[in-house]
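The values are calculated or read from the model by the stated rules, or taken from the named source; none is laboratory data. This structure is a prediction, so every number in the text was calculated from the model and none was measured. Cβ sites come from the backbone with ideal geometry, for glycine too, and all protein chains shown count toward neighbours.
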Amino acid sequence: MRKLLSGFATFTPLWQGTPMFWIKFVLIAAMLLIVLLLGLEFSMLHTQPVTVHYLLGTATLELAWVIVGAFAAGALLSALVGMFVVLPLRWQAARLRQSVASKDQEISLLARKVGREAH
């Protein structure tokens, strides 16, 4: 519990961030704005209706929405597959870190014990 609450002790308000924080913030905001503007331009250029045949029926949508939907579905599927690969690895790493910490504690205890017996 202490480790969980330790992050709150180092919290600094947003306006007191380091200069590198603000550089990253501005760069990310600029990139998101550029992507938004390019997406808006793309959607304005590709307004032709297309018919999409699904397994359960058909739908007529603008080409831009079909492409955005396909991209979103691919991103969601990739995230789900990645989650099932990454999460077990993170759990394993956490178990291994805990095991190493307990072994380190045992080693230091034994070293102190040996030090006491030597005197």
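For every residue, the table says whether it meets (1) over 30 Å from GLN48 (Cα atoms); (2) in contact with a Ser or Thr (Cβ under 7 Å, 6 or more places away or on another chain); (3) surrounded by 10 or more Cβ atoms within 10 Å (Cβ to Cβ).
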position	(1), (2), (3)
ALA73	no, no, yes
PHE84	yes, no, no
LEU89	yes, no, no
GLN105	yes, no, yes
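A quick yes/no check of all residues on (1) at pLDDT 65 or above; (2) surrounded by fewer than 10 Cβ atoms within 10 Å (Cβ to Cβ):
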position	(1), (2)
LEU4	no, yes
PRO13	yes, yes
GLY17	yes, no
VAL26	yes, no
LEU40	yes, no
SER43	yes, no
